[in-house]
Amino acid sequence: MDIARTPSTPDGNQHLADAAPEPQEPAIIRREDYTPFAWNLPEVHLHFELGLEETHVTAKLSVERNPQAEASPTIRLNGDELEPQSVAVDGEQVDSWTMDDGDLLVSLPGDAHEIVIETTINPAANTKLMGLFASNGMLCTQCEAEGFRRITFFPDRPDVLSVYSVRMSGTKAAFPVLLANGNLEESGEEADGTHWAEWHDPWPKPSYLFALVAGDLVSNTDTFITASGREVTCNIYVREGDEGRTGHAMESLKKSMRWDEETFGREYDLDLYNIVAVSDFNMGAMENKGLNVFNTKYVLADEETATDGDFDGVEGVIAHEYFHNWSGNRVTCRDWFQLSLKEGFTVLRDQLFSQDMGSAPVKRIEDVRVLRGAQFPEDSGPLAHPIRPDSYREISNFYTATVYNKGAEVIRMMRTMCGPERFRQGTGLYFERHDGEAATCEDFVKAMEDGAGLDLTQFRLWYSQAGTPKITARLEKDGEDAVLHLSQEVPPTPGQESKSPMPIPLRTAIFDRETGKHGGEQLVTLTEAQGSFRFGNVGASPVLSINRGFSAPVTMSRDVSDEDLVFLAAHDDDPFARYEALQDLVVGHLQHAVSGELSDDDRDSAREAIASAIGSVLADDSLDDLMRGELLVLPTEGYLAETMAIADPGRIHEERAALRSAIGAQLEDQFAAMHERASAVPYSLSAEARGARKVKTQALIYMAAGNPDRGKAMAWEQYQAADNMTDRQGALMVLAGADGIKRTNALLDFYNRFKGNALVIDKWFSLQSMSTHPGVIEHVKALADHPEFTLKNPNRVRSLYMGFAVNQNAFHDPSGEGYRVIADLILALDPINPQTAARFVTPLGRWRRIEPDRSALMKAQLERIAKAPGLSRDTHEQVSRSLG
Ligand code: ARG
Ligand code: ZN
């Protein structure tokens, strides 16, 4: 770490010996230790001689002392699995460099120098998929967060901004397309079959936004004219044969570009926007300046191979990466603790965009479902961290639902408090003030205070405190008025034992049960541990509707009767609140049922009451099918477990499945009628047709639970008749959960029909690993040996094993075999792809919240992983936090 104790040896081989890894606890990086880098690097010239197994990199760095930083006699250039082949300073080879923990240290006597470094890397051997790697014969990069240091030695930190020029050369036959950031300046061919290209990106950027792609690709090309008249060429590059499935991505890109101009006043700033789809990718996509690299999953879509959900995923991720051009690239992050500055804000931007493109209420419900499904468990478990973390060992572990999704909720609260117009003024000031800079979350908050006129003094706690606030709400009648009593508690999280009360903005309305109306919505902000708020003239029987639109990311326990919930489920004019009332009704019942405190009679009557509330949803003509489908989705087993202090996954599964059967049985004919009505709607991407498809599959799920034979027959019919993936996958999901020849035949048909299409074969794996079938564990073990399975492809790994890990009934099998399957996977995957392996630790990390027998089995698997020699920094950090 520290330069002073680094041995300085002039002999090249000795350097490499110094670099040999010694087992030691990885260092903790702390936010409070931030210091600016001692050197500026205004210009970077990179030269790549490309080869799949050998790529030669020459980096020419212009360096100048940073007057803002403490001077240093050396420059630390980060490296990861790199060896310097030659190092020159100001044109002279030097051998006075040293290595420290993979980094290259070069002494620099003066104030300005030129350093030239040569390295050779093997992209084909790069299974971590960080840095430069090979995928299906093409070369591409992933540099965020710390991948650039796997390409060349460099100050690989987001606050060092440089202008990049890239020259790349390679065999034309292998790499007909050569791409990098910015604009193509020049290209040419040599007589020996090689060709070359020179790219220049005029916008200074940190190394994590660097990108390079070389391969045999075809493009879908279109143009976009910006508000000020700039003509932008938009290319989506894919492998030959996939170009027919890029239309939706292109439409989404152009819509995003227009929307950001209209909604945030942000225009695109280059003449070229390139997107490349690759099938081996750790994440969804990457916003490299002018050259986004995407997981194929978020580019390719057509009706035959992609579900409506997949189409939405493409639209949302294309928008997300495009919006990063301002929230991320033009204004970047000072250090990785500020990750939510770009990610939280950009997630909010993509959510608002998708709300505008489709059904806003449905999008809001989906986003809350993601938050509750992924972020709430994180916030209440061993991996809890504030949206702006204070420390980390491996930054890849902090690309989390907290940083992304809770980060978006925090900024959304600011928007709720000031309204959309002032919000735009605040963000406008932020972009203007920090354009070209590496900024902090504090800079964003300050700009919102100055530009939107908010006082965010106390609100800053949302950045520093982890944990989901628990709110309790009680409405008390007082003469003509009603008084709302609120209290909050922010639970302790690792490293944060006691918390201060936070500002909780709650959109609230008081309904009059008699008239079915309310006297106007109010924004009530609870700032203390307790608070009371008076509402005048509320009528004889007031009903509380609170946290409408999910205005604050909190858990709410409200003192309302089931009758009130049924009333709100039928009458609330806020669609989210309506959904929430129905959810609360179901969650409340299942909590009671699971705890064993319900008599058989009470259980039956509760199931009947829920079924009749669902019956009203089926019958309500004022609902569109997209919203109806949303209301029909039962809370997941994972979310139910999250609402309980200690969960018994077996009991949760039983009670939830029994409730679903009871609803299916009671409403069998209504579901059948709805299925028939929806089946008559022809395929299109209209809201009506998408809604029809959504309720169709919901009907199958309930019917298969209530009347298995009829449900299976209908699912088989839907599978056979399907002219699109939404219907086909929905039907196959239901069939995969049941035994019999229809299951076998449908799975076989699906496999043969889509053989060769990796994204659809991923679905085939996940349909089986996520299935309700009792034999899932055996199925997953068998599928791991399937010729189409590989640990080298993250999409395939996720489809088989993430599907399994979220399948609560299978993962939590009382034998503990599910835990072993995941632990075995982590151990096998860790040496290949540590970033992806570490993601699988989270489900095991829930052990403290699970009943004692299973808990012990989960913990034992974590301990087994912890003992394994040579664990990656990624997995080591997650396992030790989970046990700690
Ligand atoms: N910035 C990307 C996005 O959210 C995510 C890249 C994260 N990559 C990683 N290897 N951790 O759009
Ligand atoms: Zn992002």
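Of these, 459, 511, 444, which one is under 30 Å from residue 202 (Cβ atoms) and touching a residue at least 24 places away in the same chain (Cβ under 8 Å)? First the steps, then the outcome.
On the way: 459 fails: under 30 Å from residue 202 (Cβ atoms); 511 fails: under 30 Å from residue 202 (Cβ atoms).
After applying the criteria, what remains is 444.
Yes or no: residue 718 buried (at least 21 other Cβ atoms within 10 Å of the Cβ) and touching a residue at least 60 places away in the same chain (Cβ under 8 Å)?
Numbers: buried (at least 21 other Cβ atoms within 10 Å of the Cβ): yes; touching a residue at least 60 places away in the same chain (Cβ under 8 Å): no.
No.
Looking at segment 265-275, is at least one residue touching a residue at least 40 places away in the same chain (Cβ under 8 Å), over 27 Å from residue 140 (Cα atoms), away from ligand 1 (no atom under 16 Å from the Cβ) and not acidic (Asp, Glu)?
Yes, some residue in segment 265-275 is touching a residue at least 40 places away in the same chain (Cβ under 8 Å), over 27 Å from residue 140 (Cα atoms), away from ligand 1 (no atom under 16 Å from the Cβ) and not acidic (Asp, Glu).
Could we say that residue 539 is modelled with pLDDT under 95 and either outside the structural domain of residue 361 (by TED's automatic domain parsing) or not in a helix (DSSP H, G or I) (or both) here?
yes
Checking the conditions here, which among 319, 360 is under 26 Å from residue 693 (Cα atoms), free of Cβ contacts under 8 Å to residues at least 12 places away in the same chain and either touching a helix residue (DSSP H, G or I) at 6+ places or on another chain (Cβ under 8 Å) or of a type in the set (Gly, Ala, Ser) (or both)? Reasoning before the result, please.
Working: 319 fails: free of Cβ contacts under 8 Å to residues at least 12 places away in the same chain.
Unique residue meeting the criteria: 360.
Could you list all residues from segment 584-617 that are touching a residue at least 60 places away in the same chain (Cβ under 8 Å) and of a type in the set (Gly, Ala, Ser)? Steps first, please.
Filtering segment 584-617 for residues touching a residue at least 60 places away in the same chain (Cβ under 8 Å) gives 586, 589-590, 593-594.
Correct list: 593 only.
What number of residues in segment 117-134 are surrounded by fewer than 19 Cβ atoms within 10 Å (Cβ to Cβ) and part of a strand (DSSP E or B)?
Going through segment 117-134 one residue at a time, the tally reaches 2.
Note down all Cβ pairs under 9 Å where the first residue falls in segment 324-335 and is of a type in the set (Phe, Trp, Tyr), the second is away from ligand 1 (no atom under 13 Å from the Cβ) and outside any loop (DSSP other than H, G, I, E, B), and they're at least six residues apart or on different chains.
Once the first residue is of a type in the set (Phe, Trp, Tyr) and sits in segment 324-335, its partners that are away from ligand 1 (no atom under 13 Å from the Cβ) and outside any loop (DSSP other than H, G, I, E, B) give 326/260; 326/264; 326/431.
Output the strands (runs of 3 or more DSSP E) that fall wholly within segment 176-231 and possess 1 or more residues being at pLDDT 95 or above and within 29 Å of the chain's Cα centre (by Cα), or say none.
Working: elements: 177-180, 183-189, 194-205, 212-215, 218-225.
By residue number, 177-180, 194-205, 212-215, 218-225.
So in segment 279-291, with the set limited to residues that are part of a loop (DSSP other than H, G, I, E, B) and more than 13 Å from ligand 1 (Cβ to nearest atom), which one is surrounded by the fewest Cβ atoms within 10 Å (Cβ to Cβ)? Show your work before the answer.
Step one: list which residues in segment 279-291 are part of a loop (DSSP other than H, G, I, E, B), which gives 279-284, 287-290.
Filter once more, keeping what is more than 13 Å from ligand 1 (Cβ to nearest atom): 279, 290.
Numbers: 279: 21, 290: 26.
Only one residue fits best here, namely 279.
All but one of (1) under 30 Å from residue 163 (Cβ atoms); (2) away from ligand 1 (no atom under 16 Å from the Cβ); (3) surrounded by fewer than 22 Cβ atoms within 10 Å (Cβ to Cβ) hold for residue 359; state the number of the condition that does not hold.
It is condition (1) that residue 359 fails.
Taking the criterion of being within 12 Å of ligand 2 (Cβ to nearest atom) and at pLDDT 95 or above, would at least one residue in segment 265-284 satisfy it?
So in segment 265-284, the residues within 12 Å of ligand 2 (Cβ to nearest atom) come out as 283-284.
Checking which are at pLDDT 95 or above leaves us with 283-284.
Yes, segment 265-284 contains at least one residue that is within 12 Å of ligand 2 (Cβ to nearest atom) and at pLDDT 95 or above.
Residues to consider are 158, 109; find the one that is more than 16 Å from ligand 1 (Cβ to nearest atom), out of contact with any Gly (no Cβ under 8 Å at 6 or more places or on another chain) and not in a strand (DSSP E or B).
Numbers: 158 fails: more than 16 Å from ligand 1 (Cβ to nearest atom).
Just one listed residue meets the conditions, 109.
One residue is enough: does segment 294-317 have a residue meeting the conditions touching a Gly at 6+ places or on another chain (Cβ under 9 Å) and more than 25 Å from residue 726 (Cβ to Cβ)?
no
Do we find that residue 132 is within 25 Å of residue 397 (Cα to Cα) and either in contact with a Ser or Thr (Cβ under 7 Å, 6 or more places away or on another chain) or of a type outside the set (A, V, I, L, M, F, W, C) (or both) in this structure? Don't jump to the end; show me each part of the working.
Numbers: within 25 Å of residue 397 (Cα to Cα): yes; either in contact with a Ser or Thr (Cβ under 7 Å, 6 or more places away or on another chain) or of a type outside the set (A, V, I, L, M, F, W, C) (or both): yes.
Against the criterion (within 25 Å of residue 397 (Cα to Cα) and either in contact with a Ser or Thr (Cβ under 7 Å, 6 or more places away or on another chain) or of a type outside the set (A, V, I, L, M, F, W, C) (or both)), residue 132 qualifies.
Go through (1) farther than 25 Å from residue 800 by Cα; (2) surrounded by 22 or more Cβ atoms within 10 Å (Cβ to Cβ); (3) touching a residue at least 60 places away in the same chain (Cβ under 8 Å) and name the single condition residue 703 misses.
(3)
Please tell me if residue 242 is among the acidic types (Asp, Glu) and touching a Lys or Arg at 6+ places or on another chain (Cβ under 8 Å).
On the way: among the acidic types (Asp, Glu): yes; touching a Lys or Arg at 6+ places or on another chain (Cβ under 8 Å): no.
Against the criterion (among the acidic types (Asp, Glu) and touching a Lys or Arg at 6+ places or on another chain (Cβ under 8 Å)), residue 242 does not qualify.
Of the residues that make up segment 729-748, is at least one more than 23 Å from residue 802 (Cα to Cα) and in contact (Cβ under 8 Å) with a residue 60 or more places away in the chain?
Checked segment 729-748: no residue is more than 23 Å from residue 802 (Cα to Cα) and in contact (Cβ under 8 Å) with a residue 60 or more places away in the chain.
Residue 148: within 16 Å of ligand 1 (Cβ to nearest atom), buried (at least 18 other Cβ atoms within 10 Å of the Cβ) and of a type in the set (A, V, I, L, M, F, W, C), yes or no? Spell out the reasoning first.
Details: within 16 Å of ligand 1 (Cβ to nearest atom): yes; buried (at least 18 other Cβ atoms within 10 Å of the Cβ): yes; of a type in the set (A, V, I, L, M, F, W, C): yes.
Spelling it out, residue 148 is indeed within 16 Å of ligand 1 (Cβ to nearest atom), buried (at least 18 other Cβ atoms within 10 Å of the Cβ) and of a type in the set (A, V, I, L, M, F, W, C).
Looking at (1) of a type outside the set (S, T, N, Q); (2) touching a residue at least 60 places away in the same chain (Cβ under 8 Å); (3) under 22 Å from residue 546 (Cα atoms), can you tell me which one residue 629 breaks?
Going through the list (1) of a type outside the set (S, T, N, Q); (2) touching a residue at least 60 places away in the same chain (Cβ under 8 Å); (3) under 22 Å from residue 546 (Cα atoms), residue 629 breaks only (3).
Based on this model, can you work out whether residue 503 counts as surrounded by fewer than 16 Cβ atoms within 10 Å (Cβ to Cβ) and not β-branched (Val, Ile, Thr)? Break it down into steps so the answer makes sense when it comes.
Values: surrounded by fewer than 16 Cβ atoms within 10 Å (Cβ to Cβ): no; not β-branched (Val, Ile, Thr): yes.
No; evaluated as a whole, the condition is false for this residue.
For segment 168-186, how many residues are under 16 Å from residue 53 (Cβ atoms) and either β-branched (Val, Ile, Thr) or not assigned by TED's automatic domain parsing to the domain that holds residue 48 (or both)?
The total comes to 1.
Determine whether segment 141-148 contains at least one residue that is outside any loop (DSSP other than H, G, I, E, B), touching an Asp or Glu at 6+ places or on another chain (Cβ under 6 Å), under 20 Å from residue 289 (Cβ atoms) and modelled with pLDDT of 95 or more. Show your work before the answer.
At the first step, the residues of segment 141-148 found to be outside any loop (DSSP other than H, G, I, E, B) are 141-142, 148.
If we keep only those that are touching an Asp or Glu at 6+ places or on another chain (Cβ under 6 Å) too, we end up with 148.
Of the ones still in play, those that are also under 20 Å from residue 289 (Cβ atoms) are 148.
Those still in the list that are modelled with pLDDT of 95 or more too: 148.
Checked segment 141-148: at least one residue is outside any loop (DSSP other than H, G, I, E, B), touching an Asp or Glu at 6+ places or on another chain (Cβ under 6 Å), under 20 Å from residue 289 (Cβ atoms) and modelled with pLDDT of 95 or more.
Please return the ranges of helices (runs of 4 or more DSSP H) entirely within segment 660-751 where 1 or more residues are touching a Ser or Thr at 6+ places or on another chain (Cβ under 8 Å). Steps first, please.
Details: elements: 668-679, 687-706, 708-721, 725-736.
The helices (runs of 4 or more DSSP H) meeting that bar are 687-706, 708-721, 725-736.
If you scan segment 320-356, which residues turn out to be hydroxyl-bearing (Ser, Thr, Tyr) and more than 10 Å from ligand 1 (Cβ to nearest atom)? Step through it out loud before you land on a result.
Let us first name the residues in segment 320-356 that are hydroxyl-bearing (Ser, Thr, Tyr), namely 322, 327, 332, 340, 346, 354.
Of everything in segment 320-356, those that are hydroxyl-bearing (Ser, Thr, Tyr) and more than 10 Å from ligand 1 (Cβ to nearest atom) turn out to be 322, 327, 332, 340, 354.
The values are calculated or read from the model by the stated rules, or taken from the named source; none is laboratory data. None of the values given here were measured: they were computed from a predicted structure. Virtual Cβ from ideal backbone geometry, glycine too; neighbours counted across all protein chains shown.
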